[in-house]
Amino acid sequence: MNSILQRLTPQAQSDNGTFGVWINDNKPLFVTLELPWKDNQKDISCIPAGTYKVVKQFSNHFQREVYLLYNVPGRDSVEIHIGNTVKDILGCIIVGMEYSMTDYAIVSSKIAFDKLMSIMPSEFELTIKDIGK
């Protein structure tokens, strides 16, 4: 499976967060939200563009399975999980079905996350690309 998270920077990035689109097999599936870019600082920055191993694992914090990204430079515990705004994120990625620009949020996150968990294998690679820089 070829999964790509495209972040349309600088158009989709501000101090409020970073929007992206999750693409699987050349089809957009979900929208994403991460923190704004702050030099990859733990818990306050989105993660750097790159290709990461992603593994389904149990999260003690969420008390359910989530996806965990491996080999993020200088970071650990970077998860893909449910959330709506950057207040729900500590350096992770949240998925949703659409954007809410008025709130700088994403909506229907649980629906998107459950779909993600059902269609993706327990281990895959995710390529994060910044488009437009």
VAL86 meets each of (1) closer than 23 Å to PRO121 by Cα; (2) in contact (Cβ under 8 Å) with a residue 60 or more places away in the chain; (3) β-branched (Val, Ile, Thr) with one exception, condition (1)
Test VAL66 against the criterion of being within 26 Å of ILE119 (Cβ to Cβ) and touching a residue at least 60 places away in the same chain (Cβ under 8 Å), and give yes or no. no
Extreme residue, surrounded by the fewest Cβ atoms within 10 Å (Cβ to Cβ), among residues of the range 62-85 that are touching an Asp or Glu at 6+ places or on another chain (Cβ under 7 Å) and among the aliphatic types (A, V, I, L, M): VAL66
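Per-residue answers, yes or no, for (1) more than 17 Å from ILE131 (Cα to Cα); (2) touching a strand residue (DSSP E or B) at 6+ places or on another chain (Cβ under 9 Å):
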{"residue": "ASP15", "(1), (2)": "yes, no"}
{"residue": "LEU29", "(1), (2)": "yes, yes"}
{"residue": "PRO36", "(1), (2)": "no, yes"}
{"residue": "ASP39", "(1), (2)": "yes, no"}
{"residue": "ASP43", "(1), (2)": "yes, no"}
{"residue": "GLY74", "(1), (2)": "yes, no"}
{"residue": "GLY83", "(1), (2)": "yes, yes"}
{"residue": "THR102", "(1), (2)": "yes, no"}
{"residue": "ASP114", "(1), (2)": "yes, no"}
Only residues that are among the β-branched types (Val, Ile, Thr) and surrounded by fewer than 15 Cβ atoms within 10 Å (Cβ to Cβ): list them for the range 45-61, please. THR51, VAL55
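Read-outs: derived from the displayed coordinates by stated rules, not from any lab. The structure presented is a predicted model; accordingly, all values stated were derived computationally and were not measured. Don't worry about glycine lacking a Cβ; one is built from the backbone with ideal geometry, like all the others, and counts go over all protein chains shown.
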